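Shown next, in structure tokens, is the structure this report addresses.
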Amino acid sequence: MRKSNIFLPAGRILRCILVGLFFLLNLMVVPSLAMEPEKTLSLSLEAQFQVNAEGTKETQVYRQEGSYIIRAKIIYRKPDFSYILYLAPPMIKGRRILDNGKLRIEYIPGMSNSKYSSSLNSSLARKRREKSLNLILANYTISQLPDEYIAGREVYVISLILQYSGSPGLKTWIDKETFLPLKQETYNSEGKLTFSSQFTEIHFGKKISEEELNDIPKSVKDRRFLPPHQVISDIEELKEISRFSLSFPKYLPSGYSFQEGVLLNGGQRVALTYTNGLETIVLFQSPPITVKTEDNRQIPFGGVLSKMGVKTKFWTDKGKTFVLIADICEEEFNKIKESIE
Amino acid sequence: MVCKKTSKELSSYLDNEVSLNKRVKIEKHLKGCTNCSYRLEQLKKIHTLTQKALGREPKEGFYERLSPRLEEGEKRIGLKEKLFEWRYNWRLSLSPVGKMAVTISIIAIISLSLLYIWRSVSLPEINIEVFQQEYVRYNGMSSFAEELALPVILEIK
């Protein structure tokens with residue numbers, strides 16, 4: 001009895017410690033095992049800025065006229081460096097895209113007209129991602145499908161289905177360890193597959209210095225970048241700055257909201273962008289202009305042009321020319337047009 | 001003194017409007033030059049006739065009758081005559097270089113005016129691809145943008 005009296009408190013303490021450890025372990029392990037798909041999706045948005053990785057990615061583009069494959073070598077390096085070298089098809093082979101956290105440079109060897117834009121990790125891009133995620137969470141039903149393997153790595157499979165129509169919007173395969181999307185399928189408003197991209201091979205942890213990727217001339221990399229367009233997120237500010245009175249649609253398809261206004265060509269044209277998180281509607285407006293096609297054909301007013309799976313409508317009203325581009329049905333197109341004030 | 005210079009000053013000589021020195025020179029020249037002497041005689045005749053004519057008073061009511069006829073004559077001058085007059089004045093007024101400068105300026109002003117009118121009437125043209133490229137750019141900024149395809153999609157036909 002005495003003996004047990006001595007050891008009893010010690011046993012209790014040991015048992016308490018074991019139980020405590022068990023709960024602690026549960027707290028650490030269980031959430032990672034049963035992570036909410038929304039959380040996984042959210043982490044995947046910033047994943048490319050948090051890995052050192054090198055791989056080959058293939059994108060299949062599906063069009064009415066046929067499909068084709070784009071292949072590229074991709075390098076990600078923490079905190080915000082990325083490099084894309086196109087390998088196929090032949091007409092774009094050798095082209096490079098470099099994002100150094102400040103600038104995004106699209107460089108074609110032998111050509112002097114490189115394209116410059118803001119980095120994908122700029123504050124503006126981060127704000128856009130945050131807003132898009134909120135809209136995706138509001139407009140799409142996010143569900144997790146059984147895990148799979150992509151390029152030899154275990155992945156979460158997340159599906160996004162548009163709540164209003166029930167049609168698929170996106171399916172993404174997210175690496176369980178790094179949250180980098182390794183495969184992605186994008187669908188249009190009719191639920192048809194438009195893009196399917198996948199890493200055919202990927203290696204993590206290999207640190208690559210920017211100096212190793214010195215195939216873009218220094219003069220191209222060091223060029224001072226001045227944003228060609230003024231981006232304004234506030235509608236009232238946009239109305240004040242615009243050189244002509246702006247018209248806004250009163251009707252928008254379900255789930256869409258105003259993203260930003262862009263003053264193009266020194267304010268001669270204004271683009272109003274609307275998004276539901278995944279898809280974009282762009283309404284261009286300007287004082288009257290004539291819109292022509294690539295072969296210099298004049299497009300009749302109100303004509304609808306389908307290209308790249310999206311539709312373009314052009315008309316003149318209230319002393320202004322409007323160009324509406326979106327992946328929406330004809331009925332929605334007309335509703336937006338008629339609601340413009 | 002040469003004939004050309006003398007003949008120009010004969011009229012002034014007759015009217016006593018030349019200096020004494022010049023008068024002596026003209027008379028000296030007239031003594032040896034039959035042509036100039038003949039011209040002087042002719043001028044003297046014209047002077048005499050003019051003096052006679054000026055001495056006469058016009059008939060009564062002459063100016064009253066003349067005035068409406070002058071006005072009528074002015075009205076009768078047609079476009080052709082006016083153009084002729086304008087061309088005559090234009091020929092006299094400017095040197096060839098000046099005429100060319102004026103002509104070029106007028107052509108330039110007319111051309112620029114026509115260009116301005118044409119530009120203000122015809123609308124500026126924009127290729128539809130400019131809008132589509134912008135659309136692709138905005139889509140490329142989407143969270144789940146197709147990072148390989150979107151930057152090149154318009155270039156792959």
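The values are calculated or read from the model by the stated rules, or taken from the named source; none is laboratory data. Just so it is clear, the model here is predicted, and its values are computed rather than measured. So basically every Cβ, Gly included, is an ideal-geometry build from the backbone, and we count neighbours across all protein chains shown.
Taken over segment B:106-153, the criterion of being surrounded by 20 or more Cβ atoms within 10 Å (Cβ to Cβ), assigned to a helix (DSSP H, G or I) and within 7 Å of chain A (Cβ to nearest Cβ) is satisfied by B:Ile128, B:Phe131, B:Gln132, B:Glu134, B:Tyr135, B:Tyr138, B:Asn139.
The number of residues in segment A:141-174 being more than 17 Å from A:Leu45 (Cβ to Cβ) and in contact with a strand residue (DSSP E or B) (Cβ under 8 Å, 6 or more places away or on another chain) comes to 16. Taking segment A:113-128 as the range and being surrounded by fewer than 17 Cβ atoms within 10 Å (Cβ to Cβ) and more than 10 Å from chain B (Cβ to nearest Cβ) as the test, the residues that pass are A:Asn113, A:Tyr116, A:Ser123, A:Arg126, A:Lys127. Checking each residue of segment A:102-115 against the condition of being hydroxyl-bearing (Ser, Thr, Tyr) and in a strand (DSSP E or B) gives at least one match. Just one of (1) farther than 30 Å from A:Gly191 by Cβ; (2) within 14 Å of another protein chain (Cβ to nearest Cβ) fails for A:Gly110. It is (2). Residues that are within 24 Å of the chain's Cα centre (by Cα) and either more than 7 Å from chain B (Cβ to nearest Cβ) or modelled with pLDDT of 85 or more (or both) within segment A:279-309 comprise A:Glu279, A:Thr280, A:Ile281, A:Val282, A:Leu283, A:Phe284, A:Ser306, A:Gly309, listed in sequence order.
Does A:Lys131 fit the bill of being within 12 Å of chain B (Cβ to nearest Cβ), of a type outside the set (Gly, Ala, Ser), in a strand (DSSP E or B) and on the phi < 0 side of the Ramachandran plot?
Details: within 12 Å of chain B (Cβ to nearest Cβ): yes; of a type outside the set (Gly, Ala, Ser): yes; in a strand (DSSP E or B): no; on the phi < 0 side of the Ramachandran plot: yes.
In short, no.
Checking A:Tyr68, A:Tyr83, A:Tyr76 one by one, the residue that is in contact with a Pro (Cβ under 7 Å, 6 or more places away or on another chain) and modelled with pLDDT of 90 or more is A:Tyr68 and no other.
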